[in-house]
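Take a look at this one; I'll ask things after.
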Amino acid sequence: MSRPSHPIRNSALLSWVLKHFTRAHIAVYLRTNGRWGAKLLWFPAALVTTTGRKSGLPRVTATLYLQDGDRIVLPASYGGRSAHPAWYVNLKADPRVRVQVRAHVWEMTARDATDDERRRYWRKLTRIYPPYKGYQEAADRRIPLVVCEPL
C-alpha cells in the first residue's frame, strides 16, 4: 500500500521555486566555470548534462554528488517527490552524460547502483546531506542512486 503524496514536496509552488533557483544556480556555475556554484549552500554540487528523451537537446541540472575515485554518484532524490527527476528519466533513455565538478568535465556513462553500491553510497550521501533519509521515507518510490563512470 503506497503512502499519500507529501503535499509540500509535490506542490506547484515548490516546483516553481526549485526550477528557478536551479536555473540561476546552473547559470552561475557555468559562467564561473565552477568557481561559484560548486557548493550548493555548503554541499558539493555537480552539473549533469543529459540528452532530452523527447527533444534530443542537452539538458543541464545541478545536483549533489559523491565522488568515489573516477566515479561520480548522483542521488535522483527530487526532494523526496513521488516522481523521478527528468534528468534521471533522460539518462534511462540515453545513459551518456557529461558531469562537471568545478572546472573538471567528464564524458561518462550512467547506470543504477548495484544493491551493494547502494548500501555503501547511501550511507555516505546521508552523512553529507542528512535530509536524504527523510526524502526516502516520504517518497513513494525507491530513490535511485546513479553511478557515472568514464567512457
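The values are calculated or read from the model by the stated rules, or taken from the named source; none is laboratory data. Small disclaimer: the values here were computed from a predicted structure and weren't measured. Please note: Cβ atoms are built from the backbone with ideal geometry, for glycine as well, and neighbour counts cover all protein chains shown. Ligands, DNA and RNA are stripped out before the accessible areas are found, and what is left, the full protein with its side chains, is counted by its heavy atoms. Shrake-Rupley method; radii C 1.70, N 1.55, O 1.52, S 1.80 Å.
Projecting each Cα onto the charge dipole of the range 100-140 (Lys/Arg +1, Asp/Glu -1 at the beta carbon, about the Cα centre), which of I128, W106, A138 comes out farthest on the positive side?
My answer, from the dipole projection, is I128.
From the helices alone, meaning DSSP H stretches of at least four residues, give me the mean residue ellipticity at 222 nm for the chain, per-run term -39500 (n - 2.57), in deg cm²/dmol to the nearest 500. Present the calculation step by step, with values, prior to reporting the outcome.
Working: 4 runs with 50 residues, N = 151.
Calculated from helices alone, the mean residue ellipticity at 222 nm is -10500 deg cm²/dmol.
Oh, and also: State log₁₀ I(q)/I(0) for the range 60-118 at q = 0.21 Å⁻¹ as given by the Debye formula over alpha-carbon point scatterers of equal weight, solvent excluded.
Taking Cα atoms of the range 60-118 as identical point scatterers yields -0.93.
If you stretched the chain out fully between L151 and L30, how much longer would it get, using 0.36 nm times the residue separation minus the C-alpha to C-alpha distance? Before the final figure, lay out each step's value.
Values: separation 121, 0.36 × 121 = 43.56 nm, distance 2.26 nm.
Result: 41.3 nm gained on full extension.
Shifting gears a bit: Just read off the accessible area of R71 with the full protein assembly in place, 1.4 Å probe, to the nearest 10 Å².
Taking all protein chains as shown, R71 has close to 60 Å².
In whole Hz, with x marking every Gly and Pro, tabulate ³J(HN,Hα) for the range 95-110 from phi via Karplus 6.51 cos²θ - 1.76 cosθ + 1.60, θ = phi - 60°.
Listing the rounded values in order: x, 6, 9, 10, 10, 10, 10, 6, 8, 8, 10, 10, 8, 9, 10, 10 Hz.
Against the empirical 2.2 N^0.38 Å scaling, what ratio does the C-alpha Rg of the chain come to? Let's see the in-between values first.
On the way: Rg = 14.8 Å, N = 151, 2.2 N^0.38 = 14.8 Å.
In units of the globular-protein estimate, the chain measures up at 1.00.
Could you give the distance between the Cα centres of the range 27-74 and the range 85-151, to the whole Å?
Rounded to whole Å, the Cα centres lie 11 Å apart.
While we're looking at this one, here's another question. Using the crude model of +1 on Lys and Arg Cβ and -1 on Asp and Glu Cβ, and no other charge, please compute the dipole size for the chain relative to its Cα centre, in debye to 20.
On the way: 26 positive and 11 negative charges, 73 e Å.
Charge dipole of the chain: 360 debye, to the nearest 20.
According to a simple spin-label model (label point 7 Å from Cα along Cα-to-Cβ), what is the distance in nm between R141 and E107?
If labels sit at E107 and R141, their model points lie 2.9 nm apart.
Please compare each pair in K39/K92; K54/K92; K54/K133; K19/K92 to a cut-off of 24 Å on the Cα-Cα distance and tell me which ones are over it. Present the calculation step by step, with values, prior to reporting the outcome.
Details: K39/K92 26 Å; K54/K92 12 Å; K54/K133 32 Å; K19/K92 21 Å.
From K39/K92; K54/K92; K54/K133; K19/K92, over 24 Å: K39/K92; K54/K133.
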